[in-house]
1. Inside region 88-113, can you point out the residues that are in contact (Cβ under 8 Å) with a residue 40 or more places away in the chain, part of a helix (DSSP H, G or I) and touching a strand residue (DSSP E or B) at 6+ places or on another chain (Cβ under 8 Å)?
2. Residue 60 - would you say it is surrounded by 11 or more Cβ atoms within 10 Å (Cβ to Cβ), at pLDDT 95 or above, under 28 Å from residue 124 (Cα atoms) and out of contact with any strand residue (DSSP E or B) (no Cβ under 8 Å at 6 or more places or on another chain)?
3. Do you know which of the residues in region 19-43 that are in a strand (DSSP E or B) and in contact with a helix residue (DSSP H, G or I) (Cβ under 7 Å, 6 or more places away or on another chain) is modelled with the lowest pLDDT?
4. Pull up region 78-87, narrow it to residues that are more than 13 Å from residue 40 (Cβ to Cβ) and assigned to a loop (DSSP other than H, G, I, E, B), then point me to the one that is nearest to the chain's Cα centre (by Cα).
5. Among the residues of region 11-45, which ones are exposed (fewer than 13 other Cβ atoms within 10 Å of the Cβ) and touching a strand residue (DSSP E or B) at 6+ places or on another chain (Cβ under 9 Å)?
6. Kindly establish whether residue 48 is in a helix (DSSP H, G or I) and either under 16 Å from residue 107 (Cα atoms) or touching a strand residue (DSSP E or B) at 6+ places or on another chain (Cβ under 8 Å) (or both).
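The values are calculated or read from the model by the stated rules, or taken from the named source; none is laboratory data. Everything numeric in this text was worked out from a predicted model, so none of it was measured. Using ideal geometry, Cβ is built from the backbone for each residue, glycine included, and neighbour counts are taken over all protein chains shown.
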(Lines give C-alpha, C1' and ligand atoms only; values in the text may rest on other atoms or scores of the structure.)
Protein backbone atom coordinates (compact mmCIF):
# COMPACT_ATOMS: atom_id res chain seq x y z
CA UNK A 1 0.00 0.00 0.00
CA UNK A 2 1.11 3.51 -0.74
CA UNK A 3 -0.32 6.85 0.43
CA UNK A 4 -0.54 9.83 -1.91
CA UNK A 5 -1.91 13.26 -1.08
CA UNK A 6 -3.44 15.24 -3.95
CA UNK A 7 -5.11 18.63 -4.22
CA UNK A 8 -8.78 19.01 -5.10
CA UNK A 9 -10.45 21.70 -7.19
CA UNK A 10 -12.13 23.09 -4.05
CA UNK A 11 -8.70 23.94 -2.52
CA UNK A 12 -8.83 20.97 -0.13
CA UNK A 13 -6.60 17.93 -0.32
CA UNK A 14 -7.33 14.23 -0.30
CA UNK A 15 -5.19 11.32 0.89
CA UNK A 16 -5.42 8.24 -1.32
CA UNK A 17 -4.36 4.83 -0.09
CA UNK A 18 -3.28 2.90 -3.18
CA UNK A 19 -3.41 -0.89 -3.19
CA UNK A 20 -2.09 -2.09 -6.54
CA UNK A 21 -2.31 -5.82 -7.14
CA UNK A 22 -2.64 -7.57 -10.47
CA UNK A 23 -5.90 -9.28 -9.56
CA UNK A 24 -7.47 -6.25 -7.86
CA UNK A 25 -6.58 -2.60 -7.52
CA UNK A 26 -8.14 -0.19 -5.12
CA UNK A 27 -8.02 3.39 -3.97
CA UNK A 28 -9.25 4.03 -0.44
CA UNK A 29 -10.33 7.49 0.68
CA UNK A 30 -11.77 8.37 4.07
CA UNK A 31 -12.80 4.76 4.77
CA UNK A 32 -14.38 4.16 1.37
CA UNK A 33 -12.74 1.84 -1.15
CA UNK A 34 -12.96 2.12 -4.94
CA UNK A 35 -12.12 -1.26 -6.45
CA UNK A 36 -11.49 -2.05 -10.12
CA UNK A 37 -9.37 -4.23 -12.40
CA UNK A 38 -6.67 -1.53 -12.55
CA UNK A 39 -5.72 1.76 -10.91
CA UNK A 40 -6.94 3.97 -13.74
CA UNK A 41 -10.45 2.48 -13.51
CA UNK A 42 -10.39 2.74 -9.70
CA UNK A 43 -9.49 6.43 -10.09
CA UNK A 44 -12.41 6.85 -12.53
CA UNK A 45 -14.81 5.48 -9.90
CA UNK A 46 -13.49 7.92 -7.29
CA UNK A 47 -13.62 10.82 -9.73
CA UNK A 48 -17.24 10.08 -10.68
CA UNK A 49 -18.21 10.18 -7.02
CA UNK A 50 -16.40 13.48 -6.42
CA UNK A 51 -17.78 15.01 -9.62
CA UNK A 52 -21.31 14.52 -8.28
CA UNK A 53 -20.29 17.22 -5.77
CA UNK A 54 -18.53 19.38 -8.40
CA UNK A 55 -15.09 18.43 -7.07
CA UNK A 56 -12.17 17.27 -9.22
CA UNK A 57 -8.88 15.62 -8.30
CA UNK A 58 -5.93 17.64 -9.58
CA UNK A 59 -3.82 14.79 -10.95
CA UNK A 60 -2.66 13.76 -14.40
CA UNK A 61 -5.12 10.86 -14.46
CA UNK A 62 -7.90 13.47 -14.38
CA UNK A 63 -6.62 15.40 -17.40
CA UNK A 64 -9.05 15.40 -20.31
CA UNK A 65 -6.23 14.35 -22.67
CA UNK A 66 -4.85 11.40 -20.67
CA UNK A 67 -5.98 7.82 -21.24
CA UNK A 68 -4.34 4.40 -20.93
CA UNK A 69 -3.83 1.83 -23.63
CA UNK A 70 -4.34 -1.87 -23.05
CA UNK A 71 -0.58 -2.29 -23.06
CA UNK A 72 0.00 0.47 -20.49
CA UNK A 73 -2.65 -1.12 -18.26
CA UNK A 74 -0.98 -4.51 -18.56
CA UNK A 75 2.51 -3.13 -17.94
CA UNK A 76 1.66 -0.82 -15.02
CA UNK A 77 -1.75 -2.09 -13.88
CA UNK A 78 -3.19 1.31 -14.83
CA UNK A 79 -0.64 3.47 -13.02
CA UNK A 80 0.70 4.77 -16.37
CA UNK A 81 -1.29 6.28 -19.23
CA UNK A 82 -0.65 8.35 -22.34
CA UNK A 83 -0.98 12.10 -22.71
CA UNK A 84 -2.73 12.20 -26.09
CA UNK A 85 -2.49 14.71 -28.93
CA UNK A 86 -5.12 14.75 -31.68
CA UNK A 87 -3.74 13.40 -34.95
CA UNK A 88 -0.60 11.93 -33.31
CA UNK A 89 0.01 8.31 -32.36
CA UNK A 90 0.96 7.96 -28.69
CA UNK A 91 4.63 7.21 -28.11
CA UNK A 92 6.77 6.16 -25.18
CA UNK A 93 7.66 9.77 -24.32
CA UNK A 94 3.91 10.49 -23.92
CA UNK A 95 3.63 8.10 -20.93
CA UNK A 96 2.65 9.78 -17.65
CA UNK A 97 2.02 8.67 -14.07
CA UNK A 98 -1.70 9.16 -13.34
CA UNK A 99 -1.00 10.39 -9.80
CA UNK A 100 1.34 13.24 -10.80
CA UNK A 101 -0.17 16.62 -9.81
CA UNK A 102 -1.87 18.67 -12.56
CA UNK A 103 -3.32 22.17 -12.70
CA UNK A 104 -7.05 22.77 -12.58
CA UNK A 105 -7.00 24.19 -16.15
CA UNK A 106 -5.89 20.78 -17.47
CA UNK A 107 -8.56 18.76 -15.67
CA UNK A 108 -11.75 17.49 -17.27
CA UNK A 109 -14.65 15.36 -16.16
CA UNK A 110 -14.72 11.63 -16.74
CA UNK A 111 -17.12 12.31 -19.63
CA UNK A 112 -14.72 14.92 -21.10
CA UNK A 113 -11.87 12.44 -20.88
CA UNK A 114 -13.81 9.65 -22.60
CA UNK A 115 -15.01 12.02 -25.33
CA UNK A 116 -11.46 13.26 -26.00
CA UNK A 117 -10.22 9.67 -26.21
CA UNK A 118 -12.87 8.90 -28.85
CA UNK A 119 -11.93 12.06 -30.78
CA UNK A 120 -8.25 11.06 -30.58
CA UNK A 121 -9.02 7.57 -31.98
CA UNK A 122 -10.97 9.15 -34.85
CA UNK A 123 -8.17 11.65 -35.52
CA UNK A 124 -5.77 8.79 -36.29
CA UNK A 125 -7.88 7.38 -39.14
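1. 106, 113
2. No; evaluated as a whole, the condition is false for this residue.
3. If we filter region 19-43 for residues that are in a strand (DSSP E or B), which is where we start, we get 19-21, 24-29, 32-36.
Imposing the further condition that a residue be in contact with a helix residue (DSSP H, G or I) (Cβ under 7 Å, 6 or more places away or on another chain) reduces the set to 20, 25-27, 29, 34-36.
Values: 20: 82, 25: 92, 26: 94, 27: 95, 29: 94, 34: 96, 35: 95, 36: 95.
Of everything passing the filter in region 19-43, 20 is modelled with the lowest pLDDT.
4. Within region 78-87, the first condition is being more than 13 Å from residue 40 (Cβ to Cβ), and the residues that meet it are 83-87.
From what's left, assigned to a loop (DSSP other than H, G, I, E, B): 84, 86-87.
Values: 84: 13, 86: 19, 87: 22 Å.
My answer is 84.
5. Passing the criteria: 13, 15, 30.
6. So residue 48 passes the test.
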